[in-house]
Amino acid sequence: MRDSPTTSAPPHHRIGAWLLIGGTVLTTAGVFAYAGGWLTPGRLTPERLVNQLQDNAGTFAGFRRNHAKGVCVSGWFDSNGAAQAYSAAQVFARGRTPVEGRFAIPGGNPYAADSSVPIRSMALRFTQANGQQWRTGMNSMPVFAVGTPGAFFAQLQATQPTAATGKPDPAKVAAFFAAHPETGPFRAWAKTAKPSASYATESYWSLNAFVFTDAHGKRQAVRWRMVPEATAADGVAPKAGDADYLASDLGLRLAQGPQRWKLQITLANPGDPTNDASKAWPDDRRTIDAGTLVLERTQPQDSGGCRDINFDPLVLPDGIAGSDDPLLAARSAAYANSYLRRTSEEAHWPGTPAIRPQPEHQP
Amino acid sequence: MRSDPKMFVPVARVLHWLLAAMILTMLLVGIGMVASVSARHDWLVGFHKPLGIAILLLVVVRMVVRWRNPPPALPADLPVLQKLAAFASHWLLYLLMLALPLVGWAMLSAGGYPIMLGTSLRLPPIFPVGAVGFAVLRHLHTWLALLLFVTFLAHMAAALYHGLIRRDGVLSSMTWRRDARGTADD
């Protein structure tokens with residue numbers, strides 16, 4: 001038997017053997033460290049992205065790091081079966097699918113005034129009978145400002161309030177827009193956009209493109225939007241000085257009856273960009289009406305059904321998939337990081353900031 | 001084939017090296033996906049879940065094989081402390097290989113996520129939905145993974161120490177026994 005203790009390596013071979021062992025361990029650890037981003041501090045990670053969101057808005061323990069202010073809603077989706085020709089997802093078969101959702105305004109401050117931004121958002125989770133889910137986070141503008149995670153990060157950095165004024169440095173903001181001409185369509189929209197008095201009167205766009213797959217495996221790039229039935233005339237004008245009029249308006253409207261949106265799905269033509277949320281598709285693209293979203297209840301976000309939902313846009317049922325839009329993976333990664341932070345704070349995990357009661361409103 | 005008492009049975013050797021490759025891949029995928037906002041993130045996450053369940057199943061098979069075919073004894077002259085380390089680290093490895101996929105599965109259950117192993121295959125939840133449960137399991141998943149990586153490195157270093165320094169047959173009991181002279185002797 002060659003494997004007896006007497007065959008142990010002679011001393012002059014041992015140095016080489018130890019070096020080989022040490023080298024193997026260090027190389028493996030090095031590859032691991034590289035994969036984890038420790039050797040490339042310049043890499044944009046979910047951690048850095050969410051830290052930047054906190055730098056811009058402050059850290060509010062227990063809250064989402066973006067779209068922090070919002071309310072829970074629930075209801076259902078009545079599919080008319082029209083989208084079934086393009087997607088095998090169960091949600092598009094004729095029938096009803098339960099929905100949990102959330103309306104919010106962008107930004108990381110859960111106490112921001114509703115009038116502080118012209119954008120509102122609608123996030124939904126459809127739970128299919130087969131247990132698969134479709135989660136989507138939509139915004140009330142037709143295009144996103146930028147098309148890549150790097151540009152989004154640069155935008156956050158450029159719009160970070162300065163310590164001296166509490167407002168972004170106008171020179172940095174101007175330099176960012178000058179360096180990012182893709183923000184043009186969004187800025188054109190923002191010029192005329194006004195903060196709406198109601199969540200219920202807004203259209204909400206998916207912004208990112210997705211890919212539908214039908215029962216035969218045929219693929220079709222799509223974007224979708226929710227188009228409201230309600231009009232501004234149905235509502236009450238916000239009271240002067242009320243910073244939280246969106247939640248009260250929604251409560252009043254739902255007390256009158258359910259609020260409805262049509263789910264409109266736009267089909268891309270071959271060649272339409274699916275990898276750039278800053279570019280709208282031409283207006284003449286075919287749009288199908290897939291059914292009606294009906295919301296009938298609202299609850300506060302600290303106790304409602306949406307509280308523990310991460311509206312990750314890549315949680316998708318069979319029949320819907322992400323496109324090559326680079327923002328999708330970044331949203332998914334950053335939302336997961338934000339979700340871990342706020343659930344850790346709920347759990348009083350060591351090292352996380354303590355959850356504080358809501359501060360008094362400033363006059 | 002008559003089994004050599006100084007060797008692991010062939011099926012144990014195949015499972016060992018397969019699991020070693022899968023676990024190292026899994027650790028790199030896991031640490032890489034949480035540190036990426038690129039398109040990699042999505043497909044790494046999609047790969048991580050079915051690979052984790054595959055590891056869980058193979059570890060169970062590996063344990064049955066080990067139970068039915070006890071491994072070769074360690075060299076009689078191995079110092080007691082090293083024997084103890086070998087014993088403890090193997091228990092730790094098996095514990096972590098079982099715990100990590102289960103904690104990952106429980107963590108996704110607690111987060112209310114559908115546990116998809118592809119576009120249509122879905123596992124049932126194994127833990128009640130809740131923010132606190134999710135947070136604790138999610139942190140546990142990371143810390144156990146780091147512990148598994150350290151244990152993996154120690155296991156690899158110890159195997160090389162047995163093969164290169166002691167040359168006592170412990171490493172070759174898990175390989176195909178091509179020795180330094182280049183002859184296969186099983």
> Do you know the Lys pair count in chain A for C-alpha distances under 26 Å, with sequence separation 8 or more or different chains?
Replying inline: 18
>> If packing is taken as the average count of other Cβ atoms within 10 Å, what order do A:206-216, B:122-132 fall into, highest mean first?
In response: A:206-216, B:122-132
> Going by alpha carbons, how many degrees (0 to 90, nearest 10) lie between the helix axis of A:245-256 and the longest principal axis of chain A?
Replying inline: 60
> For the residue pair A:Arg43 and A:Arg219, what label-to-label distance in nm results when each label sits 7 Å from Cα along the Cα-to-beta-carbon direction?
Replying inline: 2.6
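Mind checking the dipole of chain A: about its Cα centre, +1 per Lys or Arg Cβ, -1 per Asp or Glu Cβ, Debye to the nearest 20?
Details: 35 positive and 30 negative charges, 65 e Å.
Roughly 320 debye, rounded to the nearest 20.
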> Going toward the positive end of the dipole of the protein assembly as shown, with +1 on Lys and Arg Cβ and -1 on Asp and Glu Cβ, which of B:Leu160, A:Pro258, A:Ala215 do you reach last?
Replying inline: B:Leu160
>> Tell me the angle of helix A:326-346 to the major Cα principal axis of chain A, expressed in degrees between 0 and 90 and rounded to the nearest ten.
In response: 90
> Just counting partner chain Cβ atoms within 10 Å, what average do the residues of peptide B:110-123 show around their Cβ?
Replying inline: 5
> Given the C-alpha centroids of region B:120-134 and region A:289-363, what is the distance between them in whole angstrom?
Replying inline: 16
>> Please list, in order along region A:119-127, the HN-Hα scalar couplings obtained from phi with the Karplus expression 6.51 cos²θ - 1.76 cosθ + 1.60 (θ = phi - 60°), rounded to whole Hz, x for Gly and Pro.
In response: 9, 10, 10, 10, 10, 9, 10, 8, 10
> Any idea which of A:Phe186, A:Asn275, A:Asn139 is furthest toward the positive side of the dipole for chain A, if Lys and Arg beta-carbons carry +1 and Asp and Glu beta-carbons -1?
Replying inline: A:Asn275
> Separation between the A:Thr27 and B:Leu146 pseudo-spin-labels, each 7 Å from Cα along Cα→Cβ, expressed in nm?
Replying inline: 2.6
>> Relative to 2.2 N^0.38 Å, what does the C-alpha radius of gyration of region A:21-77 come to as a ratio? Two decimals please.
In response: 1.88
> Given H placed on each backbone N at 1.01 Å, which residues far from B:Ile115 in sequence or on other chains put an amide H within less than 5 Å of it?
Replying inline: B:Leu123
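Rounded to the nearest 500 deg cm²/dmol, what is the calculated helix-only ellipticity per residue at 222 nm for chain B, with -39500 (n - 2.57) per DSSP H run of length n ≥ 4?
Details: 4 runs with 114 residues, N = 186.
Calculated mean residue ellipticity at 222 nm is -22000 deg cm²/dmol.
Can you pull out the trypsin sites (Lys or Arg not before Pro) in region A:176-230 that DSSP calls coil and that have at most 12 other Cβ atoms within 10 Å? Write down the numbers at each step before the final one.
Working: sites: A:Arg187, A:Lys191, A:Lys218, A:Arg219, A:Arg223, A:Arg225; in loops: A:Lys218.
Here the trypsin sites (Lys or Arg not before Pro) that fit, given the DSSP loop and packing criteria, are A:Lys218.
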> Using modelled amide H (1.01 Å from N, peptide plane; none on Pro or chain starts), what sits under 5 Å from the amide H of A:Val315, excluding residues fewer than 5 places away?
Replying inline: A:Arg135
>> As a test of the definition: with a 1.4 Å probe, what buried accessible area, both sides summed, do you compute for A against B, in Å² to the nearest 100?
In response: 4300
> region A:69-327: Rg/Rh from Cα coordinates, Kirkwood Rh?
Replying inline: 0.97
>> If I fit a long axis through the Cα atoms of helix A:170-179 and take the longest principal axis of the Cα atoms of chain A, what angle between them do I get, 0 to 90°, rounded to 10?
In response: 80
>> For a quick size check, give me the Cα extents of chain B along its three principal axes, largest first, whole Å.
In response: 54, 34, 34
> So how strong a dipole does region B:1-117 carry about its Cα centre when Lys and Arg Cβ are +1 and Asp and Glu Cβ are -1, to the nearest 20 debye?
Replying inline: 300
> Of A:Pro110, A:Pro353, A:Pro149, which is the most mobile in a GNM of chain A whose springs link Cα atoms less than 10 angstrom apart?
Replying inline: A:Pro353
> Using only Cα atoms, what Kirkwood radius does the protein assembly as shown have, in angstroms?
Replying inline: 26.4
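What size of dipole, in debye to the nearest 20, comes out for region A:189-234 about its Cα centre when the only charges are +1 on Lys and Arg C-beta atoms and -1 on Asp and Glu C-beta atoms?
Details: 6 positive and 4 negative charges, 64 e Å.
The dipole magnitude comes to about 300 debye.
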> When Rg is the radius of gyration of the Cα atoms in region A:192-232 and Rh is its Kirkwood radius, what does Rg/Rh come to?
Replying inline: 1.19
> If the convex hull of the alpha-carbon atoms of region A:1-133 is projected onto planes in all directions, what is the mean projected area in square nanometres?
Replying inline: 18.4
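How crowded by other chains is B:162-170, given as the mean number of beta carbons from other chains within 10 Å of each beta carbon?
Working: counts 2, 5, 9, 8, 6, 10, 6, 6, 1.
The mean count of partner-chain Cβ atoms within 10 Å per residue comes to 6.
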> Taking the highest mean first, how do the peptides B:164-175, A:252-263 order by number of other beta carbon atoms within 10 angstrom per residue?
Replying inline: B:164-175, A:252-263
> How about B:Lys6: which aspartates and glutamates have a C-alpha closer than 20 Å to its C-alpha, ignoring those fewer than 8 places off in the same chain?
Replying inline: A:Asp3, B:Asp77, B:Asp168, B:Asp179, B:Asp185, B:Asp186
> How crowded by other chains is A:340-353, given as the mean number of beta carbons from other chains within 10 Å of each beta carbon?
Replying inline: 4
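The values are calculated or read from the model by the stated rules, or taken from the named source; none is laboratory data. Model, not experiment: these values are computed from the prediction. Cβ atoms come from the backbone with ideal geometry, glycine included; neighbour counts cover every protein chain shown. Calculation scope for accessible area: heavy atoms of the full protein, side chains included, ligands and nucleic acids excluded. Shrake-Rupley method; radii C 1.70, N 1.55, O 1.52, S 1.80 Å.
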